[in-house]
Amino acid sequence: MVRPSLFAALDVASGFVIGKCYKRHRAAEFLNFLKEIDAQIPEGLDIHIVMDNYATHKTPKIKAWLARRPCALHPDFGVMDQSGRALVR
């Protein structure tokens, strides 16, 4: 069974959501999603990223994006607030 991967960004102040659903969960799909964030979110805005423990997020291209864009990394769902949990549901 193929399980789609959902990548989503939520602006908690406005409720604006950037969401992408992909057939696969690879670094290429995640990088495409990060580029979508770059295209829609202004420079200098604080970004908090909640990620699972897949190796997808540890590739050199992903690490390079994370180094260019200041953000707080959260390794699991434990830090998500209620609106983030509702988005995942």
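No lab work stands behind these numbers, since they all come straight from the coordinates. All values derive from a computational prediction rather than experimental measurement. Cβ placement follows ideal geometry from the backbone for every residue including glycine, while neighbour counts extend to all protein chains displayed.
Side notes on the structure shown:
- Using R0 = 22 Å, the C-beta based FRET efficiency linking Val12 and Ala67 works out to 0.35.
- Separation in nanometres of the label points that stand 7 Å from Cα toward Cβ, at Arg3 and Thr59: 2.0
- Here the Karplus relation 6.51 cos²θ - 1.76 cosθ + 1.60, evaluated at θ = phi - 60°, turns the backbone of the range 33-45 into coupling constants of 5, 4, 5, 5, 4, 4, 6, 10, 10, x, 4, x, 6 Hz, with x for every Gly and Pro.
- Between Ala28 and Gln40, the simple spin-label model (points 7 angstrom out along Cα→Cβ) gives 2.2 nm.
- For His48, the amide hydrogen comes within under 5 Å of the amide hydrogens of Ala72, counting only partners 5 or more places away or on other chains and with H modelled in the peptide plane.
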